[in-house]
1. Scan (1) within 30 Å of B:VAL236 (Cα to Cα); (2) at pLDDT below 95; (3) open to solvent by 30 Å² or more (accessible area, probe 1.4 Å) for the single condition B:GLU165 breaks and write down its number.
2. Among the residues of segment A:74-94, is any open to solvent by 40 Å² or more (accessible area, probe 1.4 Å), within 13 Å of chain B (Cβ to nearest Cβ), touching a residue at least 24 places away in the same chain (Cβ under 8 Å) and in contact with a helix residue (DSSP H, G or I) (Cβ under 7 Å, 6 or more places away or on another chain)?
3. Go through A:ALA151, A:ALA145 for me and flag whichever is under 21 Å from B:SER188 (Cα atoms) and surrounded by 22 or more Cβ atoms within 10 Å (Cβ to Cβ).
4. Count, please, the residues in segment A:95-133 that happen to be touching a residue at least 24 places away in the same chain (Cβ under 8 Å) and either assigned to a loop (DSSP other than H, G, I, E, B) or within 13 Å of another protein chain (Cβ to nearest Cβ) (or both).
5. Consider A:LEU57 against the criteria (1) more than 10 Å from every other protein chain (Cβ to nearest Cβ); (2) surrounded by fewer than 19 Cβ atoms within 10 Å (Cβ to Cβ); (3) outside any helix (DSSP H, G or I): it satisfies all of them except one. Which criterion is unmet?
6. Given the condition of a type outside the set (Asp, Glu), at pLDDT 90 or above and more than 18 Å from A:LEU100 (Cβ to Cβ), answer yes or no: does some residue in segment A:143-151 qualify?
7. When you go through B:LYS183, B:LYS198 one by one, which is the residue that is part of a helix (DSSP H, G or I) and closer than 23 Å to A:LYS85 by Cα?
8. Return the only residue of A:SER48, A:SER43 being at pLDDT below 90 and either within 14 Å of chain B (Cβ to nearest Cβ) or not in a loop (DSSP other than H, G, I, E, B) (or both).
Amino acid sequence: MNPLLELNHVSYAYHSMSGETQALSNISFQVEDGEFISIVGPSGCGKSTLLSLISGLIEPETGSIKLNGTNIHDSSTNIGYMLQKDHLFEWRTVYSNVLLGLEIQKKLTSRNKDNVDYMLETYGLQKFRDSKPSELSGGMRQRAALIRTLALEPDLLLLDEPFSALDYQTRLSVGDDIGSIIKHEKKTAILVTHDLSEAISLGDRVIILSKRPGSIRKIVPIHIDMEDRTALKSRNAPEFKDYFNLIWKELNDDE
Amino acid sequence: MNDLSISQAKYLAEHIRHKRIVTIARIMVFVIFMLLWEVTTRLQIIDSFIFSSPSRIATTFISMTKDGSIFTHIGITLAETLVSFMLVNVIGVAVAVLLWLSKKTSEIMEPYLVVLNSLPKSALAPLLIVWLGANTKTIIVAGISVAIFGTIISMYAGFVEVNPEKIKLIYTLGGRKRHALFKVVLPSNIPNLISNMKVNIGLSLVGVIIGEFLAARRGLGYLIIYGSQVFKLDWVMMSIVILCIIAMVLYKLINLLEKCYLKRI
């Protein structure tokens, strides 16, 4: 059986009048169904570029990206992409914001709407469905953005530092929140972050990228033995510190 | 709401007092100006034949309402202004959308738009008469010409200022350029459109009056130019006063529209 996602020797460069910037070089890895992958690396190492490539928004210069064994553009695999900021539209209610994706893809079926209603209910936004986004807290906005993404029932979820705009306190609880929503919905996810604790606490594997041009330094599998592992509980696990030190060392081992 | 602290109550009282002073002073400025105008003409300090006077304006207005002619003039000018105002907004937004759709076109057109925008449009009016004839068409085109280029430029500027991340969001949700346009670019530019409308309503009126100066048989612009030629300065002054009122009412209407929009959002 093919892995859900497979990257083979992917490279990408940005072009501008002042020159060419190699963003990613020779990236290869695979993601199995149901896995949660965290990607960490120094800023500017091409983490976000990697997600844009996987989502098909931009094309790799060399190498190939395959979903379930077929090329991304021919594949029927759905990809959900969550950006750094929620970008909820102020001129829409929370409800019509979360329907945006369905509206664009003309999938406003009653089954899909029921699914959205169910998620709003489950994740505590039902009573805000007719509110404006500005009435929501940062954490609630991020949850609304996640529901907007999940409404399209993606097989693979890409998260581009979705918690970075939140203050630390909210960030911990929203991270925990969103982590368990994703587990609950049994989604495969790739999280890009520069926060090592976040990467370890949420991920099944952590991919460490080098400085620009980003290439894979190491892939660290995370084994935290506990029942009902959640992001917050993981932070207290005895193994957590070891993983942290290992990844920290790997990231700072440049010289 | 009932238990305001003393300092809050004092602040509110101060605020209300300030508002009241502004309103009273505004009315006073108007009343004093009218009184001075009336009194100085009565005492023949200034010549009421050239400067007219509030009472002469009122008499002229009343006599013209009796034969109904004033309503024709006002109605025509108003209709022409509203038609050019509508067209300015529709065409302005449409062209701005085309420019947004094609970066190349917008770069090619930029210098031309800038030149046309700074060109005094009254210079075009005589040409319009030759091309289109001395008729309503010319007047409406004159009304459009004054406001259209500014509208295109500022609507387009608003379009390109839309946060690229918001447009990226549309693409991540599987949308295409037209979705970006209808779901993000246009809705987020409604405030921009309204503030353009506030400027355009006045500019359309300016353009229409310029057009009427040259190409009309009826309308307030015609009344002004005809009145000045036959030395009926009461007509001129009255038309100007009516224009002031029209300009104010139209502006207030757009303000009302804005309030409705802000309330809905």
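1. (1)
2. yes
3. Only one candidate passes the filter, namely A:ALA145.
4. 15
5. (1)
6. no
7. Result of the check over B:LYS183, B:LYS198: B:LYS183.
8. From the options A:SER48, A:SER43, the qualifying one is A:SER48.
The values are calculated or read from the model by the stated rules, or taken from the named source; none is laboratory data. Everything quoted here is computed from the prediction, not taken from an experiment. Cβ: placed from backbone, ideal geometry, glycine included. Neighbour counts: every protein chain shown. Areas reflect the complete protein model, heavy atoms only, side chains present, ligands, DNA and RNA absent. Shrake-Rupley method; radii C 1.70, N 1.55, O 1.52, S 1.80 Å.
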